[in-house]
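Okay, structure first, notes after.
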Amino acid sequence: MITVPLLNGASNAHQQFDIQLGDNLLVFTVNYVTLAGPSWSVDIVREGVTLISGAMLEPNAVITDNYNADIGRLVFTGADVTLDNLGTDNRLVWVSDDE
């Protein structure tokens, strides 16, 4: 199990980072969106191929459930997200298929 580092605050409203999860080097793009109320979305790319696009970070959601990404499970836990609590009152956890 690995916690994916998420940054909060207005200066991090649009962030992109690489992270190695198991055998996968993934590019995460995390965006703060306000169209349907304040929330955060995530896109995940591996080797230039988009695996997950626009998944919302909602408490107790398994982000990978609706995708055939073959990267293990990404689970978002904790409190409802705000601009300032992402990664502090909640977290995104990767769990390998073996766990």
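The values are calculated or read from the model by the stated rules, or taken from the named source; none is laboratory data. Predicted model only: the values in this text are computed from it and were never measured. Cβ sites come from the backbone with ideal geometry, for glycine too, and all protein chains shown count toward neighbours. Side chains included, ligands, DNA and RNA excluded: accessible areas come from the protein's heavy atoms. Shrake-Rupley method; radii C 1.70, N 1.55, O 1.52, S 1.80 Å.
Data overview
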{"item": "Residue in region 20-32 that is loosely packed, with under 14 Cβ neighbours inside 10 Å, at pLDDT 95 or above and not in a loop (DSSP other than H, G, I, E, B) present", "result": "yes"}
{"item": "Test for residue 49: is it closer than 15 Å to residue 1 by Cα and at pLDDT 95 or above", "result": "no"}
{"item": "Strands (runs of 3 or more DSSP E) contained in region 40-99 and holding at least 1 residues in contact with a strand residue (DSSP E or B) (Cβ under 7 Å, 6 or more places away or on another chain) and open to solvent by 90 Å² or more (accessible area, probe 1.4 Å)", "result": "73-78, 90-95"}
